[in-house]
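Down below is the structure, laid out as structure tokens.
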Amino acid sequence: MAGRGIEMTTETLTLYEIRTIGFEALLRELGPAGAIRFIQQYESGHGDYTRNRRKILPKKSARSGEIGRQIMKQRQSKAK
């Protein structure tokens, strides 16, 4: 743990210790109000992410090769 004379590794820290150290860092860096505002940004969410994603995104998945080809095509058209 930084500043506590103990080596900081997630392998030896419990989840409770990680949360505690993390919140202490937030308090130190952001102050009490900033730390609370940061924590409030996170919510557990609701619904079925996978189902919603499939509805919103196109059926064809964008693979890295396809993305690269699209980028090159766009660059070539801008260069003309």
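Each value in this text was obtained by applying a stated rule to the coordinates, not by laboratory testing. The shown structure was predicted, so the numbers you read here are calculated from the model rather than taken from an experiment.
Report the extension gain between K78 and D48 in nm, rounded to one decimal, defined as 0.36 nm multiplied by the number of residues separating them, less their alpha carbon distance. Don't skip to the end; give the middle numbers.
On the way: separation 30, 0.36 × 30 = 10.80 nm, distance 3.96 nm.
In short, 6.8 nm is gained.
Report the full-extension gain for the segment L57 to L30: residue separation times 0.36 nm, less the Cα-Cα distance, to one decimal in nm. Walk me through the intermediate numbers first.
Numbers: separation 27, 0.36 × 27 = 9.72 nm, distance 3.66 nm.
Full extension of this stretch gives 6.1 nm more.
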Check: Could you name the lysines in cross-link range of K55, using Cα to Cα under 16 Å and dropping any fewer than eight places away on the same chain?
Finding: none
